[in-house]
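Worksheet for the structure shown next.
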Amino acid sequence: MMKKFTREELYKLIDGLLKGFEVIGPRELAGKGISYQAITATPDLYLGDGFTLEPVKKFFFSPSEYLFAQANGSWEEMPLGKSKRVIFGVRPCEARGLTLLDKIFDAPEYADDSYVSRRKNTAIIGLSCLNPGKDCFCTSLGGSPLDGRGMDALIFACAERFIAEIATEKGKEIFSGLGKDLTTEEREAWLQDKKKRKTPGQINLPESLDAVFKSDYWRKVSFACIGCGICTYLCPTCHCFDLADEGRRKLRCYDGCAFGDFTREASGVNPRLTKKERYRQRVFHKFDYFKKNFGENLCVGCARCIRHCPVKMDISEIVRNVSLEAKA
Amino acid sequence: MRNIYTPYLAEITGIKQETSDIKTFRLEFKDKAVESSFKYRPGQFVELSVFSEGEAPFCIANSPTRQSGLECSVKRMGKVTQALHDLDIGDTVGIRGPYGNGFPLEALKGKNLLFVAGGIGLAPLRSLINYCLDNRSDFEDITIVNGARTSADLVYKDEYGIWQKAKATKLHLTVDCQEENWSCMVGVVPKVLEKLAPACGNSAAIVCGPAVMMKYTLPVLLRLGFCEPSIITTLEMKMKCGLGKCGRCNIGHLYICKDGPVFSYRQLEDLNYEF
């Protein structure tokens, strides 16, 4: 189902949604860049080309949250997030990232209730990237700025209006009062127009990394790494976490393979002793292990880890060059 | 609704000092419904937590055939293990689990079993040894080679007599260096194993011990004729969730918590694993 509408109509829709939903979307904050925030008034919503610093994953899998607390010799569990939410302006790569996180947190055997509940109660309304970033490589991982997977609807900014491709019942409900359906001719024209849209160039990624596990390549490419972990925090698909006790409460917080204590055991033994083993784990988890377990890479090509790395490490370049290394 | 990370409450009903730094805790769930529904296989593990201190994984050291509560043997090593050692009978801990695959009981049926343990590595094997002794007719000869640095470091000492007397069961004890009043074997586990040269026909070897013991024991087993798929071990690594989500205990694409902790030597070879 496809609909067209103006910016004013979209704002009116959001105004209406504000009455029954928690509305979240990208906002540009002075001196702080763009970030997903609660939208309280429609002009707050940022619909430009820029990308948010943090991905949308934090609304489902929080950087730090309490799971339960000890109370009177028993456990008191934190209530599940059940508020109805609509998140606007989600980029296609990030929505795909959520579908990958689903495989971990909505696993058949052990489903993470807080994550599942938030997913169930949240509608994702995407925004197609009109001008993908220079580092973006979503197309190399089977994604595209035009890809609506993992979304309830995907909005495209056109010359004087917006077009929404609506995929789910949740999406239909949200857009029920808005704009007009596209006529057959408009539909055809739009599908033609869509083909002309900019998408990032494709790079060749290796099928398997098995042959290069023991290579010295990982020492060389990880040399610059300062172990700050920003790549893992800003990644829409990194899901590693720590469980920690804080007083009588149990905390779950982001953790990552970049940190030395991630795998350091009480005895002092650390199977990933240097940044060589730690960075190799990051690349293998994303481009080899996850694929063996779930058939897809654990990367969506959003390039946050490239844009924000303080030492300019570029995972797309490092993975692409593995093929050369394997031949050498 | 129960969060997958929320433990059940359990009471410490017994503590046995095994060595200077290892205690075996007997744990019983406070909720009797949990107690009776908690089913596990030898080789599986639990996440034990101490309020405000943290949580860590420990193998279940007793056999499900003798189930009344759980036993975990804990070596004092870091924050959580120290906190556990500081607890007394009657104190409360948290338990999540059981997790992991456990030993391949069906595949071991009808075989001669060689158990090779070093130090606290005997803990997961003890669960299986007692399981096998309680289902004696399912298994052929049982040989146990158990070593420790010194005789004071040997665990489960009061069970040795029972194992020695059991039908078609042999127990070989060894310590690294000669001691006064020590009448069993002397030498590190791989050397002793080579000397004993147990037969490999229709056999499986179940090995658990410190990395250095594993490293030198595996070549000995291969020389004795044990084939890679029939050498079985149980591994450990730092863990948090125990559910294959927190991302730290993987070897290659397999998680020790979810796909292990029991692996065959063949699997580990395929995963580029090094002890």
- Query: Does segment A:263-280 hold any residues that are under 18 Å from A:PHE241 (Cβ atoms) and surrounded by 23 or more Cβ atoms within 10 Å (Cβ to Cβ), and which are they?
  - Reply: A:ARG278
- Message: Looking at segment B:114-167 only, could you name the residues that are basic (Lys, Arg), in a loop (DSSP other than H, G, I, E, B) and over 21 Å from B:LEU193 (Cβ atoms)?
- Response: B:LYS167
- Message: Here is a list: A:ASP106, A:ASP152, A:ASP112. Which entry is buried (at least 21 other Cβ atoms within 10 Å of the Cβ) and over 30 Å from A:GLY48 (Cβ atoms)?
- Response: A:ASP112
- Message: Looking only at segment A:281-302, count every residue that is more than 10 Å from chain B (Cβ to nearest Cβ), touching a Lys or Arg at 6+ places or on another chain (Cβ under 9 Å) and surrounded by fewer than 23 Cβ atoms within 10 Å (Cβ to Cβ) and tell me the total.
- Response: 2
- Query: Restricting segment B:41-55 to residues that are in a strand (DSSP E or B) and within 15 Å of the chain's Cα centre (by Cα), which is surrounded by the most Cβ atoms within 10 Å (Cβ to Cβ)?
  - Reply: B:VAL46
- Query: Across segment A:215-249, what is the number of residues that are closer than 27 Å to B:GLU53 by Cα and either under 23 Å from the mean Cα position of the chain (by Cα) or surrounded by 15 or more Cβ atoms within 10 Å (Cβ to Cβ) (or both)?
  - Reply: 14
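For A:GLY268, are the conditions met, namely being small (Gly, Ala, Ser) and under 26 Å from the mean Cα position of the chain (by Cα)? Lay out the reasoning, then the answer.
On the way: small (Gly, Ala, Ser): yes; under 26 Å from the mean Cα position of the chain (by Cα): no.
Spelling it out, it is not the case that A:GLY268 is small (Gly, Ala, Ser) and under 26 Å from the mean Cα position of the chain (by Cα).
For every residue, the table says whether it meets (1) at pLDDT 95 or above; (2) part of a loop (DSSP other than H, G, I, E, B).
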{"residue": "A:CYS231", "(1), (2)": "yes, no"}
{"residue": "A:ASP245", "(1), (2)": "no, no"}
{"residue": "A:ALA266", "(1), (2)": "no, yes"}
{"residue": "A:MET313", "(1), (2)": "yes, yes"}
{"residue": "A:VAL322", "(1), (2)": "no, no"}
- Item | Matching residues in segment B:1-25 - criterion: being part of a strand (DSSP E or B) and either touching a residue at least 40 places away in the same chain (Cβ under 8 Å) or within 12 Å of chain A (Cβ to nearest Cβ) (or both) | B:TYR8, B:LEU9, B:ALA10, B:GLU11, B:ILE12, B:THR13, B:GLY14, B:ILE15, B:ILE22, B:LYS23, B:THR24, B:PHE25
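Look through B:PHE38, B:PHE29 and report the one residue that is more than 14 Å from chain A (Cβ to nearest Cβ), buried (at least 17 other Cβ atoms within 10 Å of the Cβ) and over 18 Å from the mean Cα position of the chain (by Cα). Show your work before the answer.
Details: B:PHE29 fails: more than 14 Å from chain A (Cβ to nearest Cβ).
Of the residues listed, the single one that is more than 14 Å from chain A (Cβ to nearest Cβ), buried (at least 17 other Cβ atoms within 10 Å of the Cβ) and over 18 Å from the mean Cα position of the chain (by Cα) is B:PHE38.
Only residues that are aliphatic (A, V, I, L, M) and more than 9 Å from chain B (Cβ to nearest Cβ): list them for segment A:261-279, please. Give the steps one after another, and end with the answer.
Going residue by residue through segment A:261-279, those that are aliphatic (A, V, I, L, M) are A:266, A:269, A:273.
Hit for segment A:261-279 is A:LEU273, nothing else.
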- Query: So which residues in segment B:70-90 are closer than 21 Å to B:TYR5 by Cα and surrounded by fewer than 18 Cβ atoms within 10 Å (Cβ to Cβ)?
  - Reply: B:LYS79
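Take the conditions outside any helix (DSSP H, G or I) and more than 28 Å from A:PHE175 (Cβ to Cβ) and apply them to A:LEU53. Does it pass? Lay out the reasoning, then the answer.
Working: outside any helix (DSSP H, G or I): yes; more than 28 Å from A:PHE175 (Cβ to Cβ): yes.
Yes.
The values are calculated or read from the model by the stated rules, or taken from the named source; none is laboratory data. All values reported here derive from a predicted model rather than from experimental measurement. Because the Cβ atoms are built from the backbone with ideal geometry, glycine has one as well, and the counts that use them run over all protein chains shown.
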